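Below: the structure, in structure tokens.
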Amino acid sequence: MDTATPLSAPDLGTQRELDPLENARLQFEEAAARLKLDSSFLQIIKEPRRATIVKLPVQMDDGTMRVFTGYRVQHSIIRGPAKGGIRYHPDVTLEEVMALAAWMTWKCAVVGIPFGGGKGGVVCDPSKMSRGELERLTRRYVADLIDVIGPESDVPAPDVNTNEQTMAWIMDTFSMHARHTVTSVVTGKPLALGGSAGRREATGRGVLFVVREAAKRIGLNLKGARVVLQGFGNVGSVAADLLSKDGALIVGASDVQGGIANPNGLDMPALLKYSAEHKTVAGFPGSSPIDGKKILELPCDILIPAALENQITHVNASRIQARIIAEGANGPTTHQADKILNKAGVLVIPDILANSGGVTVSYFEWVQDRQGLFWREQEVNERLEHIMVDAFHDVARMADEHKVSLRVAAFMLAIKRVVDVIMLRGVYA
Ligand code: NAD
């Protein structure tokens, strides 16, 4: 930050509202306080157990050497290996990675899969790097973390700006050091390298499963229900496709290039084809253009933020018209905005529940790799549905019992599950 231009008081307030670590801390503290747990247990899970910083020298294509900074944070391994993605972005910070790692612990506990929480990041701009530079950076990152990651200790996955190819390089580098093939060190791999059927669609499909349960909870018929999506990438487009197959009307969608709306419903098969061809939804025939931010305020029954964090803040929360918000993205709603939505009676399915389909099928991938036995897509989807529906009802029961929102209930359930394991294990081995 430029110290010559200090932030004014409101700016400082806004900056705090948008700080992911601050949001993660507030969410944790609110839920933990309601559980009335012994504070010594909470100390164990309040902070990450391990944060590793690595400096990665990489030879660039022009022959120069650049040193990149990388992080890997393990928030908790109490319930199993740390699990969480690796993001490549110029704005990655240790604090952000710490917040994301904590959310992974709670997400895995909410769906009851035997993982803790982790996250990684490298400060870099992949849009300005060649494939060869990215490969060398990835291999260096893995080599430096060879004692940190592993199928039994910490299992990475894709996140922002990393993909199946990145995971393939990670698997290969780890295997070179192990002197044998280790597919289960990483998930989100290509199918040919031990990936799972259904993984690509898993997060959007999980959103569908929890939206169905939420709709039943408020007596909303999904047939004809109006849905708006912010973000039409992997999560948003799959959720839109599956919800429209359930009879919902997709009345608005947006991506980084702009938004589109049609109150009578967008033609989904045509939109999916259009966005695949044009790499955007903007300009889709039979729709009117709408500002990317205003999309959140369109009249609808179900809103699915599936793009970025901090999209619903104290500034626009009161203008949201949806009855259900399903958080496909991580952290799209700030703590302040959440309070406003709650007061207004909007049912928010929190990110740690709504988008947990991705990590659930990552868990299936890890299981299949370790078994060396692969499941058909139908089996993956059926198992995913059981887990998501059960998790939704576990959270809803907690919410009803304690008269709290689904978000507070999801955190309470997750923290309780982690603390129960700490107590059974006799503090922490
Ligand atoms: P993606 O890159 O496939 O898609 C992101 C979409 O958001 C794109 O359509 C992009 O154009 C849009 N977008 C970016 N900036 C925007 C802006 N300013 N306004 C409107 N749209 C914008 O990513 P994804 O995998 O679909 O992930 C989306 C969100 O879901 C992220 O927050 C991610 O962390 C979260 N998430 C993803 C998974 C997964 O399995 N893919 C799992 C859990 C959570």
**Message:** Here are the criteria: (1) within 22 Å of the chain's Cα centre (by Cα); (2) of a type in the set (A, V, I, L, M, F, W, C); (3) farther than 30 Å from Ile302 by Cα; (4) crowded, with 16+ Cβ neighbours inside 10 Å. Tell me which single one Phe174 does not satisfy.
**Reply:** (1)
**Complete:** Cβ pairs under 9 Å, 6+ apart or interchain, first in region 232-243 and touching a residue at least 60 places away in the same chain (Cβ under 8 Å) and in a helix (DSSP H, G or I), second among the charged types (D, E, K, R) and within 9 Å of the ligand (Cβ to nearest atom), ordered by first then second residue, are Gly236/Asp255
**Prompt:** Counting only residues that are among the hydroxyl-bearing types (Ser, Thr, Tyr) and assigned to a loop (DSSP other than H, G, I, E, B), how many does region 277-321 have?
**Reply:** 3
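Residue by residue, here is whether (1) among the β-branched types (Val, Ile, Thr); (2) within 16 Å of the ligand (Cβ to nearest atom); (3) under 21 Å from the mean Cα position of the chain (by Cα) holds:
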position	(1), (2), (3)
Ile324	yes, no, yes
Thr333	yes, yes, yes
Ser362	no, yes, yes
Glu365	no, yes, yes
Asn381	no, yes, yes
Leu384	no, yes, yes
Met398	no, no, no
His402	no, no, no
**Asked** Taking region 151-206 only, how many residues are within 13 Å of the ligand (Cβ to nearest atom) and on the phi > 0 side of the Ramachandran plot?
**Response** 3
**Number of the condition not met by Glu133 [criteria: (1) buried (at least 23 other Cβ atoms within 10 Å of the Cβ); (2) more than 16 Å from the ligand (Cβ to nearest atom)]** = (1)
**One residue from Leu424, Leu413 being over 24 Å from Ser318 (Cβ atoms), surrounded by 20 or more Cβ atoms within 10 Å (Cβ to Cβ) and either modelled with pLDDT under 95 or of a type outside the set (Phe, Trp, Tyr) (or both)** = Leu413
**Request:** Identify, by number, the condition in (1) over 23 Å from Leu222 (Cβ atoms); (2) more than 16 Å from the ligand (Cβ to nearest atom) that Pro269 doesn't meet.
**Result:** (1)
**Prompt:** Does Thr162 satisfy the condition of being in a helix (DSSP H, G or I) and under 27 Å from Glu309 (Cα atoms)?
**Reply:** no
**Item:** Residue selected from region 247-266 under the condition in contact with a Gly (Cβ under 7 Å, 6 or more places away or on another chain) and on the phi > 0 side of the Ramachandran plot, by the criterion farthest from the ligand (Cβ to nearest atom)
**Value:** Gly247
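The values are calculated or read from the model by the stated rules, or taken from the named source; none is laboratory data. Just so it is clear, the structure is predicted and the values come from calculations on it, not from any experiment. All Cβ positions, glycine included, derive from the backbone under ideal geometry; neighbour counts span all protein chains shown.
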